[in-house]
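Worksheet: the structure to be examined is printed underneath.
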Amino acid sequence: MNLLKIKYIGGLFRASWFPLVPQMVMLIVFILLVAGGLGVTASDPDLIYRLRYTNLANLIVWSYWWPLIIIAAIFLGRLWCTVCPVELITYYAGKIGLKRQAPHILKSGWIVTIFYTLIWIVGVHTLAVNRVPHQMALYMLMLIILAIDISLIFQNRAFCSYICPVGHLLGLYALMSPFEWRADDQSICSNCKTKDCVVKKNHYRLISRSCTSNLYPAAIKDNRDCLLCTQCLKACPYKNIRFSARRPFADFFTGIDLRPAEVGFILLVSSFVVFEILSEWIVSLDILMWAPDHFTSALGITGSMANFVSAIIMFIVFPALALLVLIVLAQLVSDEKGAPLGAAIRTFALLLLPTVAGAHIIKSILKMSSQIPFWRHALSDTNGIETAQRIAAGTLELNKSASDALYPAISLIAAAILLIALAATMQIFCKSVVVQKHTGGVKFVLLLGVLAYWSIFGLTIFNWRFG
Ligand code: SF4
Ligand code: SF4
């Protein structure tokens, strides 16, 4: 069903003020969030630990905004990109910029994979951009400055297409979305003389822009790259675009071929979400941190450097070892009749995605529900220093009745999400043409690897929440 035929949805997406006005509103919100974090920091680690929830800007950015755009991507596609203020800024910067062709290394996707790794290992685990409001504000400003610089040099949406790790992650999660943006009637596109949706002369229009994400609507095969910016709909003289409902996970059955950098990106994200979920429960956190803690204490490494080394072990060494085991096993059972080993790794990454996304949703829900008690105080003391001091001194008791009441429901939701992810993985495993290219032995190893990965979350959630 084409949702653009529904009066309010079609009217909204065709409106000349959409998504311009929401982007401007989000830009104001973005500026307010940066202002709300700037200068808010502390030297006492205990206070810093509490500030991440007591500072209103930090609470919104990490505990609600980020989780909500993850959930939105899985259910609705890259809807966040539609209203993202950075896209608007890059449009204006690109219009006056040098408009150079992006180099191959940018287009390969490896830069965004490396950038995301740096954000996690250096930004989150070493500089604590997710804990210290001031660091969060600097991080957001850094993203804006980087986006402007890239757009001043390269043509089209180079930042959105090749640098932005948020868009990249949302694009991969959008493969699961039950909605898709495509050309409606292929024959109209074939006979279309003007090709307004792609022509270069329309690239820098504010409204009715041709696609600057290098897509031709009639050739879109999956949800990874379309920002749902709605510009091609406005540019097309025939309004030959549909935004339609489909079966969830549909892109997994189309013979999708992940790019090598995307495989690296998925493997990294898969290790990040393991940390995100296991760090919620003290028992699983202790197990996860056993090796990194022993390694850093044996070498006498402390402070931020210990966090940095632990992050390297958790996010680079552990996944690399796991992948190595998988490759060795696949090598042992593969023969020349099946697809090459590189294809097996790509298939493995694809099969991991539903579980990675499911774990990400669970983490998002856990985060949003557990931070409810902070809202009242964050709204009355927006910079959060006084609230953090009162909590640390024991003079402020948080009212946790709402999050406690939600505990059983959230446990059930988490279990249901994990089971849905497992069911989806099994269906992809049995039906996807990408999986069927492999011989029986390799398929068995892939299944073993994916089930082992799923079990990390299964064992944690079921023991922690129901044990
Ligand atoms: S989407 Fe519209 S403008 Fe683009 S080729 Fe098809 S008919 Fe032409
Ligand atoms: S295909 Fe259309 S909606 Fe998607 S990014 Fe390109 S112009 Fe925007």
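The values are calculated or read from the model by the stated rules, or taken from the named source; none is laboratory data. What you see is a predicted model; the values in this text were computed from it and never measured. For neighbour counting, all protein chains shown are included, and Cβ atoms are generated from backbone atoms with ideal geometry for every residue, glycine included. Heavy atoms of the whole protein, side chains included, go into the accessibility calculation; ligands, DNA and RNA do not. Shrake-Rupley method; radii C 1.70, N 1.55, O 1.52, S 1.80 Å.
Have a look at LEU412, GLN436, SER43 and report the one farthest towards the positive end of the charge dipole of the chain, computed about the Cα centre with Cβ charges (Lys/Arg +1, Asp/Glu -1).
Projecting each Cα onto the dipole axis, the largest value belongs to GLN436.
List residues of the range 371-395, by number, whose backbone nitrogen lies under 14 Å from a label position 7 Å along Cα→C-beta of ALA405.
372-373
For the range 260-466, what mean projected area does the convex hull of the alpha carbons give, in nm²? Intermediate values should be presented prior to the final figure.
Details: hull surface 58.0 nm².
Hull-based average projected area comes out at 14.5 nm².
Mind grabbing the accessible area of SER334 for me, 1.4 Å probe, Å², rounded to tens?
40
Give, in nm to one decimal, the length gained when the segment between SER187 and LEU12 is fully stretched (0.36 nm per residue of separation minus the Cα-Cα distance). All intermediate terms of the calculation are to be shown ahead of the outcome.
On the way: separation 175, 0.36 × 175 = 63.00 nm, distance 2.60 nm.
So the extension gain works out to 60.4 nm.
Around GLY94, under 11 Å between beta carbons, what's the net of Lys plus Arg minus Asp minus Glu among the other residues? Don't jump to the answer; show the numbers that get you there.
Values: positive: LYS95, LYS99, ARG100, ARG157, ARG209; negative: GLU87.
For residues surrounding GLY94, the net value is +4.
For PHE466 and ILE207, compute 0.36 nm times the residue count separating them, minus their Cα-Cα distance, and round to one decimal in nm.
Numbers: separation 259, 0.36 × 259 = 93.24 nm, distance 5.23 nm.
Here the answer is 88.0 nm.
Give me the dipole magnitude in Debye, nearest 20, for the range 260-466 about the Cα centre, with unit charges on the beta carbon: positive for Lys and Arg, negative for Asp and Glu. Don't skip to the answer; put the middle values down first.
On the way: 11 positive and 11 negative charges, 110 e Å.
Roughly 540 debye for the range 260-466.
For VAL283 and LEU3, calculate 0.36 nm times their separation in residues minus their Cα-Cα distance, and state this gained length in nm to one decimal.
Details: separation 280, 0.36 × 280 = 100.80 nm, distance 4.63 nm.
So the extension gain works out to 96.2 nm.
Note down the relative contact order for the range 260-466 as a percent, whole number, built from C-alpha pairs under 8 angstrom at least six residues apart. Could you put the intermediate results ahead of the total?
On the way: 150 pairs, mean separation 65.2, N = 207.
Relative contact order, the range 260-466: 32 percent.
List the cysteines in the chain whose Cβ has no other cysteine Cβ under 4.7 Å from it.
CYS81, CYS84, CYS160, CYS164, CYS189, CYS192, CYS211, CYS226, CYS229, CYS236, CYS430
Starting from the Cα of ALA298, step 7 Å along the direction of its Cβ; do the same at TYR64; then give the gap between the two resulting points in nm.
4.5
With the dipole of the range 279-373 worked out from charges on the C-beta (+1 for Lys and Arg, -1 for Asp and Glu) around the Cα centre, which of LEU353, LEU324, GLY303 lies farthest toward the positive end?
Of the listed residues, the answer is LEU353.
Given a 1.4 Å probe, how much area per residue of the range 260-466 is accessible, in Å²?
Numbers: 9670 Å² over 207 residues.
Each residue of the range 260-466 exposes 47 Å² on average to a 1.4 Å probe.
Note down the relative contact order for the range 259-365 as a percent, whole number, built from C-alpha pairs under 8 angstrom at least six residues apart.
Computed over the range 259-365, the figure is 46 percent.
Can you work out the PRE-style zone for TYR92? Point 7 Å along Cα to Cβ, and I want the residues of the range 11-34 with backbone N under 12 Å.
Once the point is set 7 Å along Cα→Cβ of TYR92, 24-25, 27-28 turn out to lie under 12 Å by backbone N, inside the range 11-34.
Provide the convex hull volume over Cα atoms per residue for the chain, in Å³. Write down the numbers at each step before the final one.
Values: hull volume 77.7 nm³, N = 467.
Measuring per residue, one finds 166 Å³ for the Cα hull of the chain.
Please report, as a whole percent, how much of the solvent-accessible surface of the range 297-351 comes from carbon and sulfur atoms (probe radius 1.4 Å). It would help to have the intermediate numbers written out before the result.
Working: 2150 of 3020 Å².
Result for the range 297-351: 71 percent of the exposed heavy-atom area is carbon or sulfur.
Normalise the Cα radius of gyration of the range 223-381 by 2.2 N^0.38 Å (N = residues in it) and let me know the number.
Taking N as the residue count of the range 223-381, the ratio is 1.41.
Across 10 Å bins from the origin, how do the percents of Cα pairs in the range 3-174 run, short distances first?
10, 32, 37, 17, 4, 0
What's the longest uninterrupted piece of the chain once you rule out the trypsin sites (Lys or Arg not before Pro) that are loop residues per DSSP with at most 10 other Cβ within 10 Å? Can you show the working numbers first?
Details: sites that count: LYS193, LYS337.
For trypsin sites (Lys or Arg not before Pro) (loop position, at most 10 other Cβ atoms within 10 Å), the longest site-free span of the chain is 1-192.
Stokes-Einstein D for the range 83-224 at 25 °C, 0.890 mPa s, Kirkwood Rh over Cα pairs, in µm²/s? Display every interim value, and only then the final one.
Working: Rh = 16.8 Å.
Estimated via Stokes-Einstein, D reaches 146 µm²/s.
Which is the longest part of the chain that has none of the GluC sites (Glu not before Pro) sitting in a DSSP loop with at most 16 other Cβ atoms within 10 Å? Let's see the in-between values first.
Numbers: sites that count: GLU336, GLU397.
Segment 1-335 is the longest.
What does the accessible area per residue of the range 113-231 come to in Å², with a 1.4 Å probe and no ligands, DNA or RNA counted? Don't skip to the answer; put the middle values down first.
Values: 4340 Å² over 119 residues.
Per residue, the range 113-231 has an accessible area of 36 Å².
Probe radius 1.4 Å, ligands and nucleic acids ignored: give me the carbon and sulfur share of the accessible area of the range 3-174 as a rounded percent. Could you put the intermediate results ahead of the total?
Numbers: 5370 of 7130 Å².
The value for the range 3-174 is 75 percent carbon and sulfur by accessible area.
Can you give me the relative contact order of the chain as a percent, contacts being Cα pairs under 8 Å and 6 or more apart? Walk me through the intermediate numbers first.
Values: 671 pairs, mean separation 97.9, N = 467.
Relative contact order, the chain: 21 percent.
Ignoring everything except DSSP H segments at least 4 long, calculate the 222 nm mean residue ellipticity for the chain; use -39,500 (n - 2.57) per segment, divide by total residues, nearest 500. All intermediate terms of the calculation are to be shown ahead of the outcome.
Working: 23 runs with 292 residues, N = 467.
My calculation for the chain gives -19500 deg cm²/dmol from helical runs alone.
For the range 300-366, count the residues as N, evaluate 2.2 N^0.38 Å, and divide the Cα radius of gyration by that value, please. Intermediate results must be reported in sequence, preceding the final value.
Details: Rg = 16.6 Å, N = 67, 2.2 N^0.38 = 10.9 Å.
Taking N as the residue count of the range 300-366, the ratio is 1.53.
Exceeding 19 Å between C-alpha atoms, which entries from my cross-link table qualify? They are LYS107/LYS437; LYS99/LYS200; LYS99/LYS201. Please list the in-between numbers first.
Values: LYS107/LYS437 27 Å; LYS99/LYS200 12 Å; LYS99/LYS201 13 Å.
Distance filter (> 19 Å) returns LYS107/LYS437.
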